[in-house]
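The values are calculated or read from the model by the stated rules, or taken from the named source; none is laboratory data. From a predicted model like this one, the values you see are computed outputs, not experimental measurements. All Cβ positions, glycine included, derive from the backbone under ideal geometry; neighbour counts span all protein chains shown.
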Amino acid sequence: MKKSIRIGNAGGFWGDDLQAFRRQLLTGKLDYLTMDFLAEITMSILRKQQIRDPEAGYIGDFVDQVVENAELIEKSGTKILTNAGGINPLGCARKIISALKKQNRSLKLAVVDGDDLMAVIDQLYPGKADFKNMETGVSFEEIRQQIQSANAYMGIIPLLKALQTEANIIITGRVTDTSITMAPMVHELGWELNDWDKLASGLIAGHIIECGAQSTGGNFTDWKTIKTWTDFGYPIVEMYEDGSFDVIKADNSGGIISRDSVKEQIVYEMGDPSAYISPDVVADFTAIQISEKGKDRVRISEAKGYPPTHFLKISMAYKDGYSASGHVIISGPEAIIKAEKVREIFWDRLGISFEKQNTEFIGFNAAHLNLAASLEPNEILIRFSVYDREREKLEIFSKNIAPLILSGPPGMAVTGGRPRITQVLTYWPSLIHKKWINPRLIIPDDQGHIKEEYMLSSVTGFESGQDYSRSRVQEAKDPEAFNISGETENIRLADLCLARSGDKGDTANLGVLARSREIYEFLKEHLTAGIIKNMFRGHCRGKVIRYELDNLQALNFLLHEALDEGGTRSLRIDAQGKTFAQAFLNQRVPVPVSLSALVTQNLSKKG
């Protein structure tokens, strides 16, 4: 067994930097390279593509990257693990084999599938799984006839079997985002499947690097500290056999690795930090310790883990009506007044009621709503959006935007042409017992035919039904205002803390990281769930839950019903809450004069 292993990431989503793959192979000195392409929205897009073309359903960009860098993959000895297979991993492998054959090249591929449940839905429901929505509790029966895709999030067990084949590339369907990082650690370092602390460390490492450059300075609150933005470095973890690990990037690459950049990624898209559930381990993020070990090197240690549950999460997508969006540009003078009038004119003339409709003023307050600062823009992009189950209504909508430019206020232009009507595939999360999911490992031959095939189990044998949550939880359904006694001064939250936001369905996550211990104690007392509910009153229709991470001097907020039903169903320009953190940081809050003086002193030291 090895004493350490070096794993890099070259992609955090479908559409990421296509050159990162080659840069990591050339400069990362890696044992393994991972790429994560799949989000819930991505699965819906892939399914739409496969409906049009049964041979589709995988990430074509990955195929191109492999073909372009095949010689480098072979020479470097770096093994690739990716979920680029989407909903057709064998099809992805066959496309690569075919393309490489034209170059008189070959690489050994392994394919992991078994996550696709569409063919066995009727065998599983209702006797073996009720498939109710795990977030809303709604019965599966309501959408059963509209289901288009259903994929279980598998864990590391099939990946461990695939690693034994010594394949150059392992292509999977729907596995958890962290699994493709965890599996090589278990395989190479000889960890046992019940060594919970080490498995938790592997999960945390995977969570840090799964979103690519978000841990190396991308989306970083203190972005101005980054000196080089070209050849942007992607993250690498050096995992040691004891479960501690370093986060680094390639020498002389752009970006930054710092305690704060890593901490920001840790709180991204997090739920309960003391019980982060995966198929292989439940990780406790409230136990980890983080320290800087040198330039662009951060050490993570003391992870805690617990046995996993008996269940796997399922991501489903179902047909759920239609949506369309169209745009007009309105310019000054008095752009805001004109925009308000154009909104009134358009909806009055249309005279149709939709199940959902929205108007956004991009350049004014489309993303931040009530949290936006007051301004007088010279131009605004007005975005009209609708959703309905009756396609005929959307056809009328799409034909009535362009006429505005000749019969509305002056200074207007249409952009983008007539709006395109799209079929909405809505996300439906559920659970299923592991015993009903049987991963399959396939070794294709040089023609793309199945050479070897192994049926596996998802059950580790160490599962537990115990609830390991230890978080201190604060919940609010009603908004609150800051109430601080004594003399205060208003300070921008950006001077008090860092923040990052993300999404899970219709819930937005806002991770807040204090810049000092004194600031953290203040925020822990005064930045309540009710305060966040009040700040985001224009976005959040549901409750707000707050979790505390004393080890990171961080608070994690979950804003329920904050994304207009989330994903493909949302009509908002920011359907995933990505801009929430910046809206939060731009607010001013009252703080005691003594704390204000400390903040001012720290800012002056930074220059």
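Examine region 465-481 for a residue that is closer than 25 Å to S149 by Cβ and touching a Lys or Arg at 6+ places or on another chain (Cβ under 7 Å), and state whether such a residue exists. Checked region 465-481: no residue is closer than 25 Å to S149 by Cβ and touching a Lys or Arg at 6+ places or on another chain (Cβ under 7 Å).
One residue is enough: does region 379-387 have a residue meeting the conditions in a strand (DSSP E or B), at negative phi, touching a Phe, Trp or Tyr at 6+ places or on another chain (Cβ under 7 Å) and of a type in the set (S, T, N, Q)? No: region 379-387 contains no residue that is in a strand (DSSP E or B), at negative phi, touching a Phe, Trp or Tyr at 6+ places or on another chain (Cβ under 7 Å) and of a type in the set (S, T, N, Q).
In this structure, does D574 turn out to be touching a helix residue (DSSP H, G or I) at 6+ places or on another chain (Cβ under 9 Å), of a type in the set (D, E, K, R) and not in a strand (DSSP E or B)? Considered against the rule, which asks whether it is touching a helix residue (DSSP H, G or I) at 6+ places or on another chain (Cβ under 9 Å), of a type in the set (D, E, K, R) and not in a strand (DSSP E or B), D574 comes out as yes. Of all residues in region 82-103, those that are assigned to a helix (DSSP H, G or I) have Cβ atoms under 6 Å from Cβ atoms of residues that are modelled with pLDDT under 95 and surrounded by fewer than 20 Cβ atoms within 10 Å (Cβ to Cβ), 6 or more apart or on another chain, in G91/E55; R94/G448; I97/G448; L100/S106. Of everything in region 128-162, what is basic (K, R) and either crowded, with 18+ Cβ neighbours inside 10 Å or in contact (Cβ under 8 Å) with a residue 60 or more places away in the chain (or both)? Give them in sequence order. Correct list: K128, K132, K161.
In region 276-300, how many are closer than 22 Å to A183 by Cβ and either part of a strand (DSSP E or B) or not aromatic (F, W, Y) (or both)? Matching residues across region 276-300 total 11. Residues in region 199-240 that are in contact with a Pro (Cβ under 6 Å, 6 or more places away or on another chain) and either over 20 Å from I156 (Cβ atoms) or surrounded by fewer than 23 Cβ atoms within 10 Å (Cβ to Cβ) (or both): S215, T216. F462 satisfies every condition listed in (1) surrounded by 13 or more Cβ atoms within 10 Å (Cβ to Cβ); (2) without any contact (Cβ under 8 Å) to a residue 24 or more places away in the chain except (2). Candidates in region 537-566 are the residues that are small (G, A, S) and surrounded by fewer than 23 Cβ atoms within 10 Å (Cβ to Cβ); of these, the one that is nearest to the chain's Cα centre (by Cα) is G542. The set of residues in region 301-317 that are of a type outside the set (D, E, K, R), in a strand (DSSP E or B) and either within 30 Å of F462 (Cβ to Cβ) or at pLDDT 95 or above (or both) comprises S301, G305, Y306, F311, L312, I314, S315, M316.
Summed over region 397-441, the residues that are among the aliphatic types (A, V, I, L, M) and either in a strand (DSSP E or B) or under 25 Å from the mean Cα position of the chain (by Cα) (or both) give a count of 9.
Only one of the numbered conditions (1) in contact with a strand residue (DSSP E or B) (Cβ under 6 Å, 6 or more places away or on another chain); (2) over 22 Å from T136 (Cβ atoms); (3) surrounded by fewer than 20 Cβ atoms within 10 Å (Cβ to Cβ) is violated by L523, and that is (3).
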